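Undergrad: Here it is, the structure in full.
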């Protein structure tokens, strides 16, 4: 696919960096960006050389949400919004794991690789949902974060009414969704939305360090299975099933090369060297 509003690169450590790249428009979200982003994430998730994915924005902003020109178009015409944003013809990253994941943005949970949202600047509306469905969230100090929708007469976007209470709790979720107020990264961190906040001048280096550490230290298979457990069990209230599933996974993974290498490395007091995860690897999954 020809990339016009996104780009990506993979370094020698296996860290892929994906950028929303419309700096003149705040990296605002469009149908074209959605198509490109899905294609990139499908490509990276199937690439054995990639172990961790970082999502960020070009320039000084992460993504200011949906492009206002597109929103104005829907307000002034009778075009069907739901039909027009259908992703039926787009790549389908993360699909086929669970039916719940086969939807816009939620597909992040069906990926095999850990995904880090590197919020380098303004993050608004559906961009907050994109960050929310990533596995880790880091922001530059002073970055402005907002659900935004209430301020322009719209409801909670793209699953935020489901997601935010589970990340920050009902009290903070109600605050963020009803008011649409702007919070700075430091407040979002105190709420629990972010893993950490770094000074702007150190932000890229700090995130790169975290991503590299994950890429070099994690067993790709263990990371993929843990990701399957984490999000499947978020939607379950059966703690016993979680225990039984974990025992089943332990039995399977104790017979893998990763377990043997990890155990040997621990005994030899050295860093483990885990093999890449093949694109067609069978990932054990929790019972639905």
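The values are calculated or read from the model by the stated rules, or taken from the named source; none is laboratory data. If you're wondering where the values come from, they're calculated on a predicted model, not measured in any experiment. Positions of Cβ are backbone-derived with ideal geometry, glycine not excepted, and every protein chain shown enters the neighbour counts.
Undergrad: Which of the residues spanning region 210-225 are surrounded by 15 or more Cβ atoms within 10 Å (Cβ to Cβ) and assigned to a helix (DSSP H, G or I)?
TA: At the first step, the residues of region 210-225 found to be surrounded by 15 or more Cβ atoms within 10 Å (Cβ to Cβ) are 210-212, 214-216, 218-225.
Matches in region 210-225: 210, 211, 212, 214, 215, 216, 220, 221, 222, 223, 224, 225.
Undergrad: From the list 271, 282, pick out the single residue that is in a loop (DSSP other than H, G, I, E, B) and touching a helix residue (DSSP H, G or I) at 6+ places or on another chain (Cβ under 8 Å).
TA: 271
Undergrad: Let me ask something additional. Count, please, the residues in region 1-18 that happen to be within 16 Å of the chain's Cα centre (by Cα) and outside any strand (DSSP E or B).
TA: Adding up the residues that qualify gives 0.
Undergrad: Shifting gears a bit: Looking at (1) over 20 Å from residue 13 (Cα atoms); (2) touching a residue at least 40 places away in the same chain (Cβ under 8 Å), which is the one condition that is false for residue 210?
TA: All conditions are met except number (1).
Undergrad: Return the residues of region 31-60 that are touching a helix residue (DSSP H, G or I) at 6+ places or on another chain (Cβ under 6 Å) and under 23 Å from residue 121 (Cα atoms); say none if nothing qualifies. So that I can check it myself, show each step before the final result.
TA: Just the residues of region 31-60 that are touching a helix residue (DSSP H, G or I) at 6+ places or on another chain (Cβ under 6 Å), to begin with: 50-54, 58-59.
The answer is 52, 53, 54, 58, 59.
Undergrad: Residue check: is residue 171 modelled with pLDDT under 95 and either farther than 26 Å from residue 229 by Cβ or crowded, with 18+ Cβ neighbours inside 10 Å (or both)?
TA: The answer is no for residue 171.
Undergrad: Which of the residues spanning region 116-131 are farther than 17 Å from residue 17 by Cα and in a helix (DSSP H, G or I)?
TA: 126, 128, 129
Undergrad: Only one of 241, 271 is modelled with pLDDT under 90 and under 23 Å from residue 213 (Cβ atoms); which?
TA: 271
Undergrad: How many of the residues in region 227-263 are surrounded by fewer than 16 Cβ atoms within 10 Å (Cβ to Cβ) and either within 19 Å of the chain's Cα centre (by Cα) or in the same structural domain as residue 132 (by TED's automatic domain parsing) (or both)?
TA: Number satisfying all stated conditions: 3.
Undergrad: Collect the residues in region 181-209 that are surrounded by 18 or more Cβ atoms within 10 Å (Cβ to Cβ) and either touching a strand residue (DSSP E or B) at 6+ places or on another chain (Cβ under 7 Å) or not in a helix (DSSP H, G or I) (or both), keeping them in residue-number order.
TA: Across region 181-209, the qualifying residues are 183, 185, 188, 189, 193, 194, 197, 198, 203, 207.
Undergrad: Follow-up question, since we're still on this one. Which residue pairs have Cβ atoms under 6 Å apart, sit 6 or more places apart or on different chains, and have a first residue in region 19-48 that is without any contact (Cβ under 8 Å) to a residue 40 or more places away in the chain and a second that is part of a loop (DSSP other than H, G, I, E, B) and surrounded by fewer than 17 Cβ atoms within 10 Å (Cβ to Cβ)?
TA: Every condition considered, the pairs that remain are 23/59; 36/3.
Undergrad: Does residue 140 fit the bill of being within 15 Å of the chain's Cα centre (by Cα) and under 30 Å from residue 49 (Cβ atoms)?
TA: Numbers: within 15 Å of the chain's Cα centre (by Cα): no; under 30 Å from residue 49 (Cβ atoms): yes.
For residue 140, the condition - within 15 Å of the chain's Cα centre (by Cα) and under 30 Å from residue 49 (Cβ atoms) - is not met.
Undergrad: May I pose another question? If residue 157 meets every condition in (1) farther than 23 Å from residue 38 by Cα; (2) modelled with pLDDT under 95; (3) crowded, with 16+ Cβ neighbours inside 10 Å apart from one, which number is that one?
TA: Failed condition: (1).
Undergrad: Can you tell me which residue is modelled with the highest pLDDT among those in region 78-115 that are touching a helix residue (DSSP H, G or I) at 6+ places or on another chain (Cβ under 7 Å), surrounded by fewer than 19 Cβ atoms within 10 Å (Cβ to Cβ) and assigned to a helix (DSSP H, G or I)?
TA: Here the residue is 100.
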